[in-house]
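This report concerns only the one structure given below.
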Amino acid sequence: MDEQRQLIFEDLGSVLEGELLVDPLSTALYASDASVYQITPLAVARPRTRDDVVAIVRYAAEAELGVFPRGAGSGVAGGCLGPGIVVDFSRHLHHVLSVDAETVTVEPGVVRDELNRYLRPLGRYFPPDPSTGSVTTIGGMLAVDAAGSRSVRIGSTRDHVQQLELVIGDGSVIEAGSEKLISRATGGAADPTDPHQRLCDNLERILRENHELIDERQPALPRNCSGYLLRGILADDRLELARMLVGSEGTLGLFTRATLHTSPLPEHRGIVLLLFGRLEEA
C-alpha cells in the first residue's frame, strides 16, 4: 500500500460507518466499468449513511481529491471512473424509504427493476426503462438522465423527479426541487448563510444574464445529454433545480435520496414490428 492510500485509510476510514477500501484488489475491481476505459482509484468508499457521504466529500475537498459516484458501473462512457475516491452507493444505500399514492422516496443504490417489483403490488411503477434496468441503480439513472425505448411517450428520468437530496462540494446537504425564487417573490435577496438559498440566487442570476446565449446554443431537443440542462428551467418566479441536476453525472453533487413520481401500471402493452427494405427508408 503506497503512502497516499495509507494516509486516506487512516484519516477517512475511521470516521465512516461503511467501508473504505484501498487494497490493490479492491481498487482494481473499481478501475473499470462497461466502458473501454480503465482508471485505478486511490480508494473506494462504500457509505452506509448520508453522514458518510458528507464525510467523504469534506475529506476529498480538503485533500483536493476527485469524488466519483458509482452505481452499477453499467455506463459505457466511463463516468464513474477516476483517480480519486470512488463512492459505491449500491453496496448499502439501496433502500425504499417511503411510498405514497403517487411518489416513492428511495436511496440512490436501489436497482430500477427491484423498485418496480416493490411497486407492482401497489399498481404503480417507475416508467423510465433503460436496457440495463435489471442492474442499473436509480442514482445512476439520475446521473445520466436515463430514458429507454418508451421515452418518446413517457419522457426520461428527469421528467419523473420531484425532489433530490444531495451533498454538494463543500459537504453541505441541500434538497432540490421546483424552487420558488425568493428574490423574485419578495424583492429581497437570499440569505447568504443558507447554502440552498445562495445556490438558487446565484444560479438565477447566471441564467438570467446568459439566457440569450442559452437559447441560441442549447437546442430545444426532447432529450439532450450534452452538458447541463439550462434551457427552460428558469421561469419568472421558479427554478426547476432538480431537473437541472439530473444528468449532471456527479459533477454538481452526490445524490443521497430521491423522491420520484410513479405512474399507474399500464392495463395493456403492445408491440409493433416494422420491416424496411433499406436503411434509408427506415
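The values are calculated or read from the model by the stated rules, or taken from the named source; none is laboratory data. Bear in mind the structure is a predicted one, so any value in this text is a computation, not a measurement. With ideal geometry, Cβ positions are generated from the backbone for all residues, glycine too; neighbour counts draw on all protein chains shown. Ligands, DNA and RNA are excluded from the accessible area calculation, which covers all protein heavy atoms including side chains. Shrake-Rupley method; radii C 1.70, N 1.55, O 1.52, S 1.80 Å.
Scanning the stretch 251-270 for residues that are farther than 22 Å from I56 by Cβ, crowded, with 20+ Cβ neighbours inside 10 Å and not β-branched (V, I, T) returns a single hit, L260. Residues in the stretch 132-145 that are over 23 Å from P266 (Cα atoms) and touching a His at 6+ places or on another chain (Cβ under 9 Å): none. V135 fulfils the conditions (1) open to solvent by less than 40 Å² (accessible area, probe 1.4 Å); (2) touching a residue at least 24 places away in the same chain (Cβ under 8 Å); (3) assigned to a loop (DSSP other than H, G, I, E, B) except for a single criterion, (1).
Looking at S248, is it open to solvent by 80 Å² or more (accessible area, probe 1.4 Å), of a type in the set (S, T, Y) and either farther than 26 Å from D100 by Cα or without any contact (Cβ under 8 Å) to a residue 24 or more places away in the chain (or both)? No, not satisfied. Within the stretch 75-87, the only residue that satisfies the criterion of being at pLDDT 95 or above, open to solvent by 10 Å² or more (accessible area, probe 1.4 Å) and within 29 Å of Y118 (Cβ to Cβ) is C80. The requirement of being at pLDDT 95 or above, polar (S, T, N, Q) and assigned to a strand (DSSP E or B) is fulfilled nowhere in the stretch 112-119; no residue meets it. Here the stretch 172-191 is the region considered, the condition is being open to solvent by 30 Å² or more (accessible area, probe 1.4 Å) and acidic (D, E), and the residue that is modelled with the highest pLDDT is E175. Quick check on my filter: what residues within the stretch 40-56 are open to solvent by 10 Å² or more (accessible area, probe 1.4 Å) and farther than 15 Å from L29 by Cβ? Passing the criteria: R48, T49, R50, D51, V54, A55.
Taking Q163 as the residue in question, decide whether it is surrounded by fewer than 20 Cβ atoms within 10 Å (Cβ to Cβ) and assigned to a strand (DSSP E or B).
Yes, satisfied.
With a requirement of 2 or more residues that are closer than 30 Å to F126 by Cβ and not hydroxyl-bearing (S, T, Y), the strands (runs of 3 or more DSSP E) lying completely within the stretch 1-101 that satisfy it span 43-46, 67-70, 85-88, 96-99. Taking the criterion of being open to solvent by 30 Å² or more (accessible area, probe 1.4 Å) and among the small types (G, A, S), the residues of the stretch 88-117 that qualify are S90, S98, A101.
Per-residue answers, yes or no, for (1) within 25 Å of Y228 (Cβ to Cβ); (2) not small (G, A, S):
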{"position": "G75", "(1), (2)": "yes, no"}
{"position": "R91", "(1), (2)": "no, yes"}
{"position": "F126", "(1), (2)": "yes, yes"}
{"position": "T132", "(1), (2)": "yes, yes"}
{"position": "T157", "(1), (2)": "yes, yes"}
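Summed over the stretch 202-233, residues that are open to solvent by less than 50 Å² (accessible area, probe 1.4 Å) and either under 21 Å from K180 (Cα atoms) or touching a Pro at 6+ places or on another chain (Cβ under 7 Å) (or both) total 5. In the stretch 146-171, of all residues being acidic (D, E) and out of contact with any His (no Cβ under 9 Å at 6 or more places or on another chain), the one that is modelled with the lowest pLDDT corresponds to D170.
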